[in-house]
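The structure under discussion appears below in the form of structure tokens.
The values are calculated or read from the model by the stated rules, or taken from the named source; none is laboratory data. Just so it is clear, the structure is predicted and the values come from calculations on it, not from any experiment. As a convention, Cβ positions derive from the backbone with ideal geometry for all residues, glycine included, and neighbour counts pool all protein chains shown. Accessible surface areas use protein heavy atoms only, side chains included; no ligands, DNA or RNA. Shrake-Rupley method; radii C 1.70, N 1.55, O 1.52, S 1.80 Å.
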Amino acid sequence: MKNIRNYSLDTKCVHAGIKEDMYGSVVTPIYQVSTFKFRDADQGARLFKGEEDGYIYTRMRNPTVEALEDSIAILEGGAKALACSSGMAASHTLLSTLLNAGDHAVCSESVYGPTMTLLANVMSRFGIESTFVDTSDTEAIKNAMKPNTKLVFIESPGNPTLIISDIEEIAKVAHSKGAKLAVDNTFMSPILQNPFKFGADYIVHSLTKFLNGHADVIGGVVVIKEDSEYEWFRKNLNQVGGVLEPFNSFLVHRGIKTLKLRMEKHCINAQQIAEFLEVHPEIDWVRFPGLKSHPQYEIGTKQMSGPGGMISFELKKGLEAGKILMNNVEVWQLAVSLGGVESLIQHPASMTHASMGKEARENAKITDGLVRLSVGIEDVDDLIQGLEKGLNKIK
Ligand code: LCS
């Protein structure tokens, strides 16, 4: 669709990225093909030299993958996007493109566990040092910056504590020190937060979550603001190789058509559930960006257009009560991942954030009793009753 960037989010979700083809296909079909033939030897050489535009080999470019990439770049307001085989592959693509041996990164301590261990245990082996701080405290970032800091990497809201970091202020700190800012926007999706508007340079998403929305794909994406950096990123992704394949790209692109509708329902359901939990006698505390009790509620309202579908809370009787809850809920499924149409419940300390180790969890305030909910789009009364079934079993 022409001038798609000028349309509203609802329209972008339905139309962005779709390629015109010779058959008039209304959606971009699945080009399930690994390699594309050349008309003759000279054309092959020209394509490789970049003198002619076209497809060569699916690790390099593929129409179905490109359609998805274009749709996400448009939704985020970035120049280009690179679809990767998982959210972790997207983070790795970003880090391995930007950072060299001798560089330093500052990262949120409340991030998805493997994101922390990618920096702390993998990138460190290639001479890249990282410091983990509470990024809801911009001063802590300032204090962690070193002359060789090239990147600040934040997740806002953070997984699983839902702390909110001030993207605009952090971008100013990073840029004043000559560093770039990357934001993992997975918990918000492009519908609820656009980090480029607040000065971020790069965005990553796990496509596995809200963007796909149907718990049937693992994928990730890096979105870049500046067109001039695209070839550099594309070359690195082609070399590290963690690309998304065409069928999964098709599924995510299909999921995006309903992204705005789904995000609206996730937000409405989660708000009601957070309010129900906040006054429940068995609950000690609830963390949800839509509750006034959230410590960074004001910052959230500045940069987020909705609270999202993720809730964390702790029961007064701690982890043992949490286990009773997880084992007895109805409608909710006990599983990791998030952002799908179905509601999930899980225990970060023993599941998603186990790999970080106890000390890193304690620093990030990921307590042993913290339970995390990913609120789906089911009927909210069914979801509340399903939680009550578990809560009533706690004595
Ligand atoms: N970023 C965030 C914020 C995430 O929550 C996850 C996965 C990733 C990146 C990595 O994406 P993946 O490679 O799995 O596509 N988060 C998960 C979670 O909280 N439960 O299971 C996976």
Run down L162, L75 and say which single residue is in the same structural domain as V223 (by TED's automatic domain parsing), open to solvent by less than 10 Å² (accessible area, probe 1.4 Å), more than 12 Å from the ligand (Cβ to nearest atom) and under 30 Å from V14 (Cα atoms). L75
Subset of segment 80-94, residues more than 10 Å from the ligand (Cβ to nearest atom) and surrounded by fewer than 24 Cβ atoms within 10 Å (Cβ to Cβ), comes to K80
Exactly one condition in (1) assigned to a helix (DSSP H, G or I); (2) modelled with pLDDT under 95 is not met by S91; state its number. (2)
Name the single residue, out of those in segment 252-290 being touching an Asp or Glu at 6+ places or on another chain (Cβ under 6 Å) and not basic (K, R), that is least open to solvent (accessible area, probe 1.4 Å). V286
Could you please give the count of residues in segment 343-395 that are hydroxyl-bearing (S, T, Y) and either in a helix (DSSP H, G or I) or crowded, with 24+ Cβ neighbours inside 10 Å (or both)? 4
Among the residues listed as E139, E226, E168, the single one being away from the ligand (no atom under 16 Å from the Cβ), under 18 Å from P289 (Cα atoms) and open to solvent by 10 Å² or more (accessible area, probe 1.4 Å): E168
Give just the number: which of (1) open to solvent by less than 10 Å² (accessible area, probe 1.4 Å); (2) more than 13 Å from the ligand (Cβ to nearest atom); (3) out of contact with any Asp or Glu (no Cβ under 8 Å at 6 or more places or on another chain) does G241 not satisfy? (1)
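For (1) within 14 Å of the ligand (Cβ to nearest atom); (2) touching a residue at least 12 places away in the same chain (Cβ under 8 Å); (3) touching a Pro at 6+ places or on another chain (Cβ under 9 Å); (4) part of a loop (DSSP other than H, G, I, E, B), each residue gets a yes or a no:
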position: V183; (1), (2), (3), (4): yes, yes, yes, no
position: T186; (1), (2), (3), (4): yes, yes, no, yes
position: I191; (1), (2), (3), (4): no, yes, no, no
position: G213; (1), (2), (3), (4): yes, yes, no, yes
In segment 64-85, how many residues are in a helix (DSSP H, G or I) and at positive phi? 0
Checking the structure you have, find out if any residue of segment 107-118 is more than 16 Å from the ligand (Cβ to nearest atom), surrounded by fewer than 24 Cβ atoms within 10 Å (Cβ to Cβ) and modelled with pLDDT of 95 or more. no
Which residue out of S305, S337 is in contact with a strand residue (DSSP E or B) (Cβ under 9 Å, 6 or more places away or on another chain), part of a loop (DSSP other than H, G, I, E, B) and either of a type in the set (S, T, N, Q) or surrounded by fewer than 22 Cβ atoms within 10 Å (Cβ to Cβ) (or both)? S337
With respect to the numbered conditions (1) part of a helix (DSSP H, G or I); (2) over 18 Å from the mean Cα position of the chain (by Cα), which one is the sole condition not fulfilled by C267? (2)
When segment 328-363 is examined, which residues are found to be among the small types (G, A, S) and within 13 Å of the ligand (Cβ to nearest atom)? A335, S337, G339, G340, A349, S350, A354, S355
